[in-house]
Each structure stands twice: as C-alpha cells, then as structure tokens.
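These notes are about the structure you will find just below.
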Amino acid sequence: MIDELQFAGLRSAGDLKMPLMAYDSSVFPEGSGWTYTRYFLQRAFDTGFRLGTQQPLLWEAFETAHRLARFDFAMEIPMEYMARAVEIALSRNMEHDRPHFELSRACWDEAVEESSFVAALEALRIIFVDDPAAP
C-alpha cells in the first residue's frame, strides 16, 4: 500500500440499509436457508422481522450517542461499530424471540453504547477536528 486512503463510514440512515439487509439475506452455511437474522431471532424472522427495517431506530441511537458526547464534527459510523451494535442487539435478544418481536429503540441505545462507538470517536476526535477534508 503506497498511498494512504481514507475510507468513509456510514454517513446517513440510508447508508445503513444495505449492511442491515445483508444480515437478512446472507445465508450460512450455504444452502441452509438460515440467514444471520433468522439464526438469532427465528420466530420473529419467520413472521416478518427484518433488520433492514430497523435502520431509522439504529441511526437515531447512533445520532443520540454522538450528540450526547457533544462531538462538534459530522457523524460518521465506522462499519466496525455498526456491526458490533447489531451483534450485541441480536445476541442479547435471542431469549426474547417470539412471533412479531421487534427490537426497541432502548435496545438499540444500549447496543450502541456497548459497541464503544463514543469511546472510539473520543480517541479519534483530534483527527476529525484537525482534518480540513473531514465532513
């Protein structure tokens, strides 16, 4: 790698759509019919629950965490913290799985908090503030 390139994170609620829908459609093991979402929340998935519809709630949870941390730069969610929040939300709610179950905003707030999103941005704050190219 000769040049340093900056990779953009998720910058809008719309940016969450594709990665969240991937949990709903990616099957493992291949041919099993079991998506990641269905593995964690089978009854909810079988009655229509999809992570792809959760994008507004998840975005709001990240926005709230960003605002409460009083960051003075535009919000950008690194993929690692989105994936971590999803993993936390799914694994913590397996025991609550039932038909028509939905993840609540409180669940997403907790998952975002435990993802270390704010702590990571605190560590990177100097880069975001000093970088004139940063959004």
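Every number here is computed from the coordinates shown, using simple stated rules; none is lab data. Keep in mind the model is a prediction, meaning the values are calculated, not measured. Here Cβ is always computed from backbone atoms with ideal geometry, including for glycine, and neighbour counts include all displayed protein chains.
For the pair ALA123 and ARG98, label points projected 7 Å from Cα toward Cβ lie 4.0 nm apart. Taking the Cα atoms of the chain, the ratio Rg/Rh between the radius of gyration and the Kirkwood radius comes to 1.02.
Once you mark the GluC sites (Glu not before Pro) that are in a DSSP loop and have at most 10 other Cβ atoms within 10 Å, what is the longest gap between them in the chain?
Values: sites that count: GLU4, GLU30.
Result, exposed sites excluded: 31-135.
What is the extension gain from MET18 to ASP72, computed as 0.36 nm multiplied by their sequence separation minus the C-alpha to C-alpha distance, in nm to one decimal?
On the way: separation 54, 0.36 × 54 = 19.44 nm, distance 2.73 nm.
Here the answer is 16.7 nm.
So, R0 is 22 Å and r is the distance between the beta-carbons of THR47 and VAL27; what FRET efficiency does that work out to, to 0.05? Once the sixth-power term is evaluated, E becomes 0.70. The Rg/Rh ratio for the range 1-77 is 1.11, where Rg is the radius of gyration of the alpha carbons and Rh is the Kirkwood radius.
Simple rule: put +1 on each Lys or Arg Cβ and -1 on each Asp or Glu Cβ in the chain, find the dipole, and look at ALA85, PHE49, PHE73; the Cα lying farthest toward the positive end is PHE49. The H on the amide N of LEU10, modeled in the peptide plane, is under 5 Å from the matching H of ILE77, MET79, each at least 5 residues off or on a different chain.
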